[in-house]
Amino acid sequence: MREGQPAASSGRGLTALLIIGALACLAGEYLHLRPLVYVAKPLATIAVLLIAARAVSPVSPRYRALVSAGLAASLAGDVLLMLPGDRFIAGLGSFLVAHLLYIAAFVSEKGGLRNPAAALTIGLFAALMLAMLWPDLGALRLPVSAYVTVIAVMGWQAFARRGRSPGSERAAIGALCFLVSDSALAVSRFRGGFAGSTLVVLGTYWLAQWFISRSVQTHTGSNA
């Protein structure tokens with residue numbers, strides 16, 4: 001057996017676990033089975049975290065550590081947002097930390113002051129989204145504004161290193177999925193739900209995390 005095969009098998013197993021957990025979580029949400037959601041949602045994110053943490057040929061040890069820490073912060077956010085009671089601010093804070101860690105990871109691997117077109121496009125999108133939500137935010141205007149700013153910078157930095165580092169294309173796709181997921185979540189929470197919102201929010205969320213976790217690996221063959 002070649003050296004890369006055990007890692008590839010492990011990666012495929014973790015991706016399968018992610019898919020199972022995500023589907024189970026969606027089933028729990030639509031069937032109103034909260035105990036199933038409590039198990040399946042963190043399970044899916046743990047699977048993604050392990051994909052990044054166990055990458056055997058990472059872009060760099062620092063990049064792997066920062067992305068893994070970002071996924072751990074995301075796991076905390078998942079748990080806070082799914083538990084009974086309104087823990088929105090705590091969950092938002094956890095995801096803000098996650099995006100700050102992703103920014104640090106992208107900057108450390110050829111990000112920085114590049115791709116002004118991406119910065120302008122993402123910044124304009126973020127500003128329009130915030131303007132649309134602004135009348136409905138109330139006391140949450142400051143924390144939501146901070147979060148929107150941070151995730152916009154995260155998206156820009158993902159695109160700033162696109163094509164300049166191994167795995168950068170996957171990171172850029174992940175960042176784009178995150179922008180879609182968080183935008184759909186914000187619209188659903190502050191402007192009223194829409195048909196299929198749960199599927200859109202969670203589906204693009206786990207796609208985002210999977211692509212970002214896969215960006216740790218320098219080539220897909222070793223840890224699929």
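The values are calculated or read from the model by the stated rules, or taken from the named source; none is laboratory data. These figures come from a predicted structure and were not determined experimentally. Positions of Cβ are backbone-derived with ideal geometry, glycine not excepted, and every protein chain shown enters the neighbour counts.
Details
Let's see how each residue does on (1) free of Cβ contacts under 8 Å to residues at least 12 places away in the same chain; (2) of a type in the set (Ser, Thr, Tyr); (3) closer than 20 Å to VAL216 by Cβ:
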site	(1), (2), (3)
PRO143	no, no, no
VAL148	no, no, no
ARG162	no, no, yes
GLY167	no, no, yes
ARG170	no, no, yes
ILE173	no, no, yes
CYS177	no, no, yes
VAL180	no, no, no
SER183	no, yes, no
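- Filtered by the rule that a residue be at pLDDT 95 or above and in contact with a Ser or Thr (Cβ under 6 Å, 6 or more places away or on another chain), segment 87-125 gives a lone residue, ALA98.
- Where helices (runs of 4 or more DSSP H) sit wholly within segment 1-86, those with at least 3 residues that are modelled with pLDDT under 95, among the polar types (S, T, N, Q) and more than 16 Å from the chain's Cα centre (by Cα) occupy 4-31.
- Members of segment 161-219 found to be out of contact with any Lys or Arg (no Cβ under 8 Å at 6 or more places or on another chain), part of a helix (DSSP H, G or I) and β-branched (Val, Ile, Thr), listed by number: ILE173, VAL180, VAL187, THR198, VAL200, VAL201, THR204
- Test: residue in segment 113-124 that is free of Cβ contacts under 8 Å to residues at least 12 places away in the same chain, among the hydroxyl-bearing types (Ser, Thr, Tyr), in a helix (DSSP H, G or I) and surrounded by fewer than 17 Cβ atoms within 10 Å (Cβ to Cβ): yes
- Selection status of ALA195, surrounded by fewer than 19 Cβ atoms within 10 Å (Cβ to Cβ), of a type in the set (A, V, I, L, M) and without any contact (Cβ under 8 Å) to a residue 40 or more places away in the chain: yes
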